[in-house]
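Q: Take this structure first; my questions come after.
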Ligand SMILES: Nc1ncnc2c1ncn2[C@@H]1O[C@H](COP(=O)(O)OP(=O)(O)OP(=O)(O)O)[C@@H](O)[C@H]1O
Ligand SMILES: Nc1ncnc2c1ncn2[C@@H]1O[C@H](COP(=O)(O)OP(=O)(O)OP(=O)(O)O)[C@@H](O)[C@H]1O
Ligand code: SF4
Ligand SMILES: [Mg+2]
Ligand SMILES: [Mg+2]
């Protein structure tokens, strides 16, 4: 574990109980999030991004989900095995999360101010009035106009983008050391999105806050992340610094992602997509799980699950033909 | 006999206000839509973009009858759904308008089998026998590219993109002529976005659907819309043909919007975002509501609010930069 | 093992749709649900089969065996009139569990109906919630005490009194979750398709908002058993000679030091039922609604 890693995930496998027994939604995920760093996570719908994020805070329901393997270390403690009481302190305090679904993640019977100040009152013991004025400051910070009035409103009176910003305000209220942001800007127009990213960047600089940014929007990732992890069907398939990933993607899936972005500049043109679909977690596919959709599939791909191989410093790829061609000879 | 018309939707001077304020206080009305006027032709897609909170969803919800506007008129397929016979006229066009939601997770009742969700509009309209209905459901599933046996499964068994297809199937169940798509692909990955957008375009070609397509992603709007309307603080500030808007944005807000588009290129430095505060609805800026943030602001902008004027065929802008020439003419 | 958690309040229904599909399976796998289900199940079976498990009547007095300690003939001993405590506890279980069940059922029906109506119709909301607030401003047990006193002590008054006391929190819970559900897109979709209020309420709102209520009701069931005991202890509960766990203890309290078995066994009944129902409720809560915890 690198000395500066804030959170360090090793070999994490999370399974869900289904009709067909326990099925792995994510498998052997290993990644580090360094203090003050922004880690981007991209991947197709259903690839396991949210499952990974929720695991860090252990937010899966008992009985349906289990971490079959692995560890998640924060300050020398394994969050997967920490007692519930410790975890409660971590959630919202050390690590905060912006949930993917702002529509149903706010409590409809509490005002915005109450919901924002809840964790402040819990973790920092603020009074009700202090909480409210802090909530108004936070609403200002996430660029919501008329903050004092909005503070006293209920969630259903806000637009989709405003709700999403309220979620962000809740998450940053306690100045966490790690912010996990699951699709935090999907409901925002690009100018406000830019302002929110700016805000997160400032918090990062000011507090050394690390951000784990999950997004479908490769534009946001390109702009915001230092390092990017690409997930496919529950596994990390590529991991690289942002510049390398966009200029020289190595995994065929990452290449596909980049290609599907091209041609978006021509009006009326059909958008490009990767043919086929992500396999369900319980679908048995021999070897590489991207194989059935891959244009470069070879016999070795079907023979065994490719390993995540380092092809240069900080650049890992899970693709047997590619890593054989590209990995340093000594491996 | 229904009035046939080339335009599916005609909106004139639409205004909308909501009561504001928390519990206990006397409600003041806050106006969130200001005199919107636009048309959507049959088999046409109008893209609607703009600031978060500028009123896009409110427009969509008014068009499908979820909200009653406080002023102006809306005609759907030639029938006024805001006037005296509002209820009767709306009942007559109900089956021809539909809505696709942003969040495919919230758009389907988790306790109801997918087939029943898709058939719900048919059941409510009460027009079909059980047999016809089941046939129709299978047909719709095929149309949106899902296996026929999906009907018996529950929503949680589908991924986000598949669920969005189910939502689209439900929207198509009564063969509507006009569909409001409120950020239908925001929650999906690029590849899935492409599949859904392509599906919507195919359906338009086959059935002559019209769309109001609300989105934040300008690249998606560019792909699907024929014309685009840009909203800021409750008003339309620009309407233009797709190609014109992207090639030559006129209104300063539109320009800012296009400049702020994130590009998948880590080497590119993004231009600074628009300075200034997001406008308050309670005390909106005087004159042009964009004047507090506009790089081209003129004295006149502070006093006089610009009207949406046609400055070229098919091109309307609400900005004094473009009305100046016209008003100085005799 | 990833365990259930305090999802902060705002995490709400993020996980809900997938969770709900497998409620049963997950309940069956849930340890505290298993234990709770077992305890409550055994007590319920004992209550139902009661008359078959004993060959005497709860009111039959064995005068020569007053104050017998537990022994082969009288498993749980006898009381001051020589009545068999085992038999009385079995029959008492019928009464106590029935009171608990009836209260939970009434609180459930009224809680659901009023809660969904309050969420659906703005016009009713004010009146309903004002009334509930008024009822909730008294401590439940005081309210129940007042009502039983007014109605005259009997089993039915106990049930009515406790129902009145436990309906308001149920209404609040259902209304709160119905308000969330009402704003969800699938309800909006039904509205767009022209659905009327009954369809919206019955098909969409109700099934998706009663999860938290079920959890609450399992606790109400337990509270009601305790409250019945308390009321009986105070003399306004189920009246002798009908045995309930509460009035067996009430009658035996003067002899508690010499004949501890009179109060011990009904006490164990109350404890097992309450613990069982609480475990059951914990299980339901974890499975239906992880956010309520903490
Ligand atoms: N509670 C659950 N029960 C069963 N399966 C689950 C559960 N949560 C997630 N899954 C499965 O795990 C896989 C990964 O889901 P996850 O939500 O992490 O995807 P994602 O990458 O976040 O996708 P999206 O971009 O659509 O949010 C999916 O196949 C999903 O069906
Ligand atoms: N039911 C309501 N009661 C009060 N105000 C409302 C209600 N619905 C919407 N509003 C207000 O109307 C304005 C416009 O909201 P709307 O949802 O139409 O915005 P939008 O353009 O769709 O934004 P976004 O892109 O963030 O979804 C906002 O200020 C919002 O707070
Ligand atoms: S009217 Fe004036 S302030 Fe408004 S956009 Fe045009 S130039 Fe800017
Ligand atoms: Mg996700
Ligand atoms: Mg909206």
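Q: D for chain C, whole µm²/s, Stokes-Einstein with Kirkwood Rh over alpha-carbon pairs at 25 °C and 0.890 mPa s: what number?
A: Approximately 118 µm²/s, per Stokes-Einstein.
Q: How many percent of DSSP beta bridges within chain A run antiparallel, rounded to 5?
A: Percent antiparallel among DSSP bridges in chain A is about 60.
Q: Something else about it: Roughly how many whole Å is it from the C-alpha centroid of region C:43-93 to that of region B:187-216?
A: When both Cα centres are located, 74 Å separates them.
Q: Kindly express, to the nearest 10 degrees and within the range 0 to 90, the angle between helix A:112-124's C-alpha long axis and the longest C-alpha principal axis of chain A.
A: Taking the Cα atoms of chain A, the angle to A:112-124 is about 80 degrees.
Q: Further question on the same structure: Using only the alpha-carbon atoms, how far is helix B:114-125 inclined from the longest principal axis of chain B? Give it as 0 to 90 degrees, nearest 10.
A: Value to nearest ten degrees: 80.
Q: Taking the inverse of the average 1/r across all pairs of different Cα atoms in chain B, what Kirkwood radius in Å do you get?
A: 21.3 Å
Q: With a cut-off of 8 Å between alpha carbons and a minimum separation of six or more residues, what is the relative contact order of chain A in percent?
A: Taking the mean separation of contacting Cα pairs over the length of chain A, I get 19 percent.
Q: Same structure again: Can you tell me what percent of all Cα-Cα pairs in region A:136-207 are more than 14 Å apart?
A: For region A:136-207, the share of Cα pairs beyond 14 Å comes to 58 percent.
Q: If you don't mind, there's one more thing I want to ask. Can you tell me the Rg and Dmax of region A:104-173, counting just the alpha carbons, in angstroms?
A: When restricted to Cα atoms, region A:104-173 yields Rg and Dmax of 10.6, 30 Å.
Q: So, in Å, what gap is there between the alpha-carbon centers of region A:165-243 and region A:33-89?
A: Region A:165-243 and region A:33-89 have Cα centres separated by 16 Å.
Q: Let me check against my output: what whole-number percent is the relative contact order of chain C, with C-alpha pairs under 8 Å and at least 6 apart?
A: Value for chain C: 29 percent.
Q: Mind pulling the per residue volume of the convex hull built on the Cα atoms of region A:1-147? Å³ is fine.
A: Here the figure is 159 Å³ per residue.
Q: Once the convex hull of the C-alpha atoms of the protein assembly as shown is built, how many Å³ does it hold per residue, rounded to a whole number?
A: Hull volume over Cα atoms, normalised by residue count, gives 204 Å³.
Q: Give the relative contact order (percent, whole number) for region A:6-165; include only Cα pairs under 8 Å separated by 6+ residues.
A: 19 percent
Q: Build a GNM of chain C with springs between Cα atoms under 10 Å: which of C:138, C:219, C:110 gets the top mean-square fluctuation?
A: C:138
Q: Only helical DSSP H runs with n ≥ 4 go in: add -39500 (n - 2.57) per run for chain C, normalise by residue count and round the 222 nm mean residue ellipticity to 500 deg cm²/dmol.
A: Theoretical 222 nm ellipticity from helices: -22500 deg cm²/dmol.
Q: So, one more: With a 10 Å Cβ neighbour count serving as the proxy for reagent exposure, in which order, fewest first, do C:91, B:253 appear?
A: Starting with the residue having the fewest Cβ neighbours, the order is C:91, B:253.
Q: Mind checking Rg over Rh on region B:205-330, alpha carbons, Kirkwood formula for Rh?
A: Here Rg/Rh amounts to 1.00.
Q: Still on this structure, please answer the following. Ranking C:98, A:22, C:261 by Cβ neighbours within 10 Å, fewest first, what do you get?
A: Fewest-to-most Cβ neighbours within 10 Å comes out as A:22, C:98, C:261.
Q: Additional query: Work out, in µm²/s and without decimals, the Stokes-Einstein translational diffusion coefficient of chain A at 37 °C, 0.692 mPa s, Rh from Kirkwood over C-alpha pairs.
A: Translational D for this selection: 156 µm²/s.
Q: Also, I was wondering about something else. With equal scatterers on the alpha carbons only and no solvent term, can you work out the Debye log10 of I(q)/I(0) for region A:1-82 at 0.12, 0.17, 0.19, 0.22 1/Å?
A: Log10 of I(q)/I(0), two decimals: -0.35, -0.68, -0.83, -1.08.
Q: Moving to a separate point now. Report the Stokes-Einstein translational diffusion coefficient (µm² s⁻¹, integer) for region C:36-160, Rh taken as the Kirkwood radius over Cα pairs, at 4 °C with viscosity 1.567 mPa s.
A: Here the translational diffusion coefficient equals 73 µm²/s.
Q: Rounded to the nearest 500 deg cm²/dmol, what is the calculated helix-only ellipticity per residue at 222 nm for chain B, with -39500 (n - 2.57) per DSSP H run of length n ≥ 4?
A: -9500 deg cm²/dmol
Q: Here's another thing I want to ask about it. When the helix-only estimate is applied to chain A (DSSP H runs of n ≥ 4, each -39,500 (n - 2.57), divided by the residue count), what is the mean residue ellipticity at 222 nm, nearest 500 deg cm²/dmol?
A: Using -39500 (n - 2.57) per qualifying helix, the result is -10000 deg cm²/dmol.
Q: Hey, fewest Cβ within 10 Å first, where do B:131, C:203, A:69 land in order?
A: In increasing order of surrounding Cβ atoms, one gets B:131, A:69, C:203.
Read-outs throughout are calculated quantities, based only on the coordinates presented, and are distinct from any laboratory measurement. Model, not experiment: these values are computed from the prediction. Glycine also receives a Cβ, built like all others from the backbone with ideal geometry; neighbour counts cover every protein chain displayed.
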